[in-house]
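First the structure, in the form of structure tokens, and then the observations on it.
None of the figures in this text is laboratory data; all of them are computed from the coordinates on show. The model shown is predicted, which means the values in this text are computed figures rather than measured ones. Note that we place each Cβ from the backbone using ideal geometry, even for glycine, and neighbour counts take in every protein chain shown.
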Amino acid sequence: MTPALACVALAASVPLAVTGWMAGGALDRSGAAPGQRHGIWEAAFWAGPLTSVAVLAAPRLPAGLALRGALRLPGAAPAFLPAEAPGAWHGAALPVVFLVVLLGGAVLRLADLAVRLRRLRRVRARALEPLGEAAGLPVRLSGDLDSPLLAGLWTPTILLPARFAAPEADEAARLVCRHEAAHARRGDNLRLLLEEVAVAILWFNPFLGVVRRRLSSAREEVCDTAALAGLDPRERRLYARSLLDCLEAQASTLPATGLIGLNRRSTTMRIDAILKPKRHRARAALTGGLLAGLVASAVAAVALAQPPAPATSGGKSVAKWGPIDVTADHLQVDKAHHVSLWTGDATVSGVTKQTMDGLFIDGRPATEADLATLPQRRFASIRATFDANGHELERLDALTKPN
């Protein structure tokens with residue numbers, strides 16, 4: 001994996017996050033059920049990170065699976081650099097700088113996540129006053145919290161603020177525990193931790209944070225629906241009052257699911273849905289279409305990030321890098337040394353003054369005089385040398401006599 005490929009992989013998450021944000025917004029405006037909206041927002045969130053992983057993995061896949069050049073857009077030619085040019089950076093310095101900055105930011109974000117996880121463990125350990133159980137989960141009081149939380153991955157505990165110790169708060173505590181139990185059944189704490197890691201690594205992608213807040217809002221609505229099942233209007237009002245009390249409290253930064261999600265602004269909409277239940281529409285076709293669009297966008301991003309592969313046309317081997325074409329009767333590929341060798345009636349065309357620095361004819365650097373006749377010349381062999389990852393074309397050696 002080269003620094004340039006790593007930067008491309010990380011950057012691939014940005015357009016996917018934008019696409020996902022648009023898809024999720026379209027389903028929100030359609031009045032779809034919370035479960036459908038949560039599904040599309042979750043797909044929208046993970047489309048970017050998984051595409052970045054796919055871009056990194058694609059060069060290691062077989063040629064038929066790697067989608068190399070399947071959707072490659074014709075465009076600028078790669079930068080040719082003499083393989084032995086003294087002091088040449090081979091275009092790697094800038095990607096290295098970017099990669100160091102991106103990884104440095106990710107390390108800081110992951111360190112902050114580790115600190116918050118440790119703080120959550122301390123809060124959970126200090127919550128010693130038991131309040132019984134709810135849906136098989138232990139319930140404890142915590143003087144460190146202003147809003148209820150579900151703490152823990154494998155054996156979660158419902159943590160309630162100290163104000164729920166009052167006898168008159170028993171019914172509100174029961175309703176809140178129904179919400180937290182819904183989070184536990186769905187495994188939302190594990191989901192949240194994985195999302196925190198993804199956001200930390202792709203910290204430079206602002207759209208990913210926006211999508212995640214919308215995902216958090218949809219997740220809370222799904223758990224609201226489960227908690228409100230079978231409740232009468234009075235219990236709904238009490239549940240809404242508990243939401244308002246938590247909204248007035250300070251927002252928690254602990255990595256755990258709670259009654260108030262990341263998107264606190266959406267609480268007004270949640271309260272309206274609690275007090276005035278609405279019948280949601282089934283949007284299976286729209287949801288399926290949006291998911292298909294996300295998958296197609298991800299496949300396109302992976303394919304566009306890969307270099308084109310040599311093809312065959314009319315019995316000849318053909319390769320294309322931007323406007324530069326190489327054709328010959330035979331092709332041999334040495335993947336271990338990142339070298340391709342064309343032999344027999346070989347031609348090269350499309351080289352310009354800007355991209356001729358890496359072209360050598362019979363061992364000498366090509367000149368501007370060579371460019372005029374280059375497309376008509378026939379060579380015994382043309383040797384292409386690539387970078388260590390096999391992506392960037394570094395040098396072309398054209399020989400008029402067999403070597």
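Over region 127-184, the alpha carbon radius of gyration divided by the compact-protein estimate 2.2 N^0.38 Å works out to 0.98.
As a rough footprinting exposure proxy, the listed residues Leu175, Leu192 were ranked by other beta carbons within 10 Å of their own, and the order from fewest upward is Leu175, Leu192. Taking packing as the residue-averaged number of other Cβ atoms within 10 angstrom, the listed peptides 286-293, 240-247 run from highest to lowest as 240-247, 286-293.
In straight-distance terms, cross-link reach from Lys335 covers every one of the aspartates and glutamates whose alpha-carbon lies under 13 Å from its own, apart from those fewer than eight places away in the same chain; here that gives Asp387. The slack between Val333 and Arg191, meaning 0.36 nm per residue of separation minus the straight C-alpha distance, is 46.7 nm.
Relative to its residue count, region 18-58 spans a Cα convex hull of 53 Å³ per residue. Charged neighbours of Pro277, selected by a Cβ distance under 13 Å, balance to +1 (K, R count +1; D, E count -1). By the count of other C-beta atoms within 10 Å, a proxy for reagent exposure, Trp154, Trp203 are ordered fewest to most as Trp154, Trp203.
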